[in-house]
Each structure stands twice: as structure tokens, then as C-alpha cells.
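**Student:** Sharing a structure below in C-alpha cells format, with a few things to ask.
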Amino acid sequence: MTAAPKLDHPTLPLVKERFAETKFLATEFRGQTTLVVPADKLHDVARFLRDDPRCEYNFLSDLAGVDYLDYPAPQPGRFAVVWNIVSHKFDRRLRLKVFLNPSMDTTGIDADPALMVDSVTDLWPGAEWPEREVFDMFGIRFRNHPDLRRILMWKDYPAHPLRKDYPLRGRGEREHYQKLARDSA
């Protein structure tokens with residue numbers, strides 16, 4: 001039996017020191033470190049990583065949603081939101097991940113209070129549109145987002161199509177499209 005590899009990302013001890021009372025998980029895969037953060041601590045941790053002079057994660061390179069329904073390995077939650085952040089000063093990358101578990105049926109459009117996490121648009125303004133995309137496609141809401149509305153689907157679309165319990169062929173949406181002739185557009 002071999003010992004688990006030691007995570008040596010230089011930011012992890014700083015986070016642990018600053019948030020000593022908070023329980024984190026950290027993983028490394030192919031040289032990329034992920035810090036799993038409790039949803040209620042996300043904004044505080046993100047602010048620390050951006051503002052602390054020993055970290056200075058000044059750039060949000062990506063933000064995405066994930067649905068782990070029927071995933072082969074057990075996960076702490078059905079959904080996750082992932083932020084990829086970069087410190088140009090120290091030439092470091094770090095992933096932040098928050099897991100969320102739905103508290104109601106996920107096949108509909110109803111807002112689930114358990115699928116909510118803080119927005120980071122006040123820290124990294126570039127998060128505005130990716131947060132809207134995650135909201136639109138997965139139904140995960142971002143508290144304090146300046147303009148949280150659908151960005152890819154029309155406003156009355158009856159579901160969140162990147163959820164894995166959404167049918168591949170849709171629920172009849174295409175049958176209700178208004179058909180336009182080429183010369184009428």
C-alpha cells in the first residue's frame with residue numbers, strides 16, 4: 001500500500017492558516033490542484049485568494065457547472081461549480097470547487113434554495129456571463145449577481161438543459177417553434 005501523495009501547492013497552507021476553523025478538501029490531478037470549499041465560505045475564500053499579497057489570484061480564467069448524476073465515483077454533491085483562478089504575479093493556478101445537493105426534484109424549472117452559491121462578480125467582473133450560463137444551463141443561482149437571467153435559452157424555457165436528467169431529445173420544445181420562411185425573416 002502506498003501513501004497518498006502530499007499536496008504541495010503553495011497556496012493551500014495559506015488558506016488553511018487563514019481559515020483554520022473551516023474544513024476543506026484538496027486534490028491534485030495531473031499537476032492541477034483543486035480546493036473544495038464549503039458553499040457558505042466561498043466568497044470569503046475567494047476574496048482572500050484575490051486580496052492577500054501572498055496569493056494575488058487576480059484573474060478568473062474559467063467558471064463552469066458540473067452535474068455528477070450517475071457519476072461512477074461517489075461525489076460530495078450532485079452539482080458542482082468550479083472556478084479556475086490564476087495568479088499572474090506568482091504564476092500559479094488553482095481550482096475552487098463547491099458541491100451542491102438539490103433539495104427538490106431537478107426535472108423542473110422551480111428555483112431550488114439548495115442550489116445557490118455566492119457570486120464572485122464583485123471580485124472578478126469577468127464572472128458575470130459565465131455565472132449566467134451556469135444558472136441558465138444547470139439552474140444554480142448566484143446570490144448578489146448583478147443581472148442573473150438566462151443568457152443562452154429564452155426566458156420562459158421550461159428546464160435547465162445541461163442537467164443529466166433532462167431528456168436528450170428535449171421535452172417537445174422543438175415541436176412548438178414558430179417556423180419562418182426565409183423571405184419572411
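Bear in mind these aren't lab numbers, they're just calculated from the coordinates by the rules spelled out. Remember, predicted model here, so these are calculated numbers, not experimental data. Because the Cβ atoms are built from the backbone with ideal geometry, glycine has one as well, and the counts that use them run over all protein chains shown.
**Student:** Given +1 on the Cβ of Lys and Arg, -1 on the Cβ of Asp and Glu, and no further charges, what dipole in debye does region 12-184 carry about its Cα centre, rounded to the nearest 20?
**Tutor:** Taking the Cα centre of region 12-184 as origin, the dipole is about 340 debye.
**Student:** May I ask you to derive the FRET efficiency for residue 147 and residue 114 from their Cβ-Cβ distance with R0 = 22 Å, giving the value to the nearest 0.05?
**Tutor:** Given R0 = 22 Å and the Cβ-Cβ separation, E is 0.45.
**Student:** Per residue of the chain, what 222 nm ellipticity follows from adding -39500 (n - 2.57) for every DSSP H run with n ≥ 4, rounded to the nearest 500?
**Tutor:** That calculation yields -4500 deg cm²/dmol at 222 nm.
**Student:** While we're here: Relative to the first principal axis of the alpha-carbon coordinates of the chain, what is the inclination of helix 42-51, with its axis defined by its Cα atoms, in degrees from 0 to 90 and to the nearest 10?
**Tutor:** Orientation of helix 42-51: about 60 degrees from the principal axis.
**Student:** In a GNM of the chain with a 10 Å cut-off on Cα contacts, which of 33, 107, 22 has the highest mean-square fluctuation?
**Tutor:** Maximum among the listed residues: 22.
**Student:** For residue 92 and residue 104 in the same chain, what is the full-extension length gain: residue separation times 0.36 nm, less their Cα-Cα distance, in nm?
**Tutor:** Contour length minus the Cα-Cα distance gives 0.5 nm.
**Student:** Can you tell me how much longer the chain between residue 22 and residue 155 gets when fully stretched, taken as 0.36 nm per residue apart minus their C-alpha distance, in nm with one decimal?
**Tutor:** Taking 0.36 nm per residue and subtracting the Cα distance, the gain is 44.1 nm.
**Student:** Testing the spin-label approximation: label points 7 Å from Cα along Cα→Cβ at residue 14 and residue 54. State their distance in nm.
**Tutor:** With each label placed 7 Å out from Cα toward Cβ, I get 0.8 nm.
**Student:** So what are the chain's ellipsoid semi-axes, whole angstrom, largest first, if each one is the square root of 5 times an eigenvalue of the alpha-carbon gyration tensor?
**Tutor:** Whole-Å semi-axes of the equivalent ellipsoid: 34, 20, 15.
**Student:** Could you check what % of the DSSP bridge pairs in region 79-173 are antiparallel, to the nearest 5?
**Tutor:** Once the DSSP bridges in region 79-173 are tallied, antiparallel ones form about 75 percent.
**Student:** Calculate how large, on average over all directions, the projected area of the Cα convex hull of region 1-66 is; give the answer in nm² to one decimal.
**Tutor:** 5.9 nm²
**Student:** Please compute the length gained on full extension between residue 165 and residue 181, using 0.36 nm multiplied by the number of residues separating them and subtracting their Cα-Cα distance.
**Tutor:** Additional length available on full extension: 2.4 nm.
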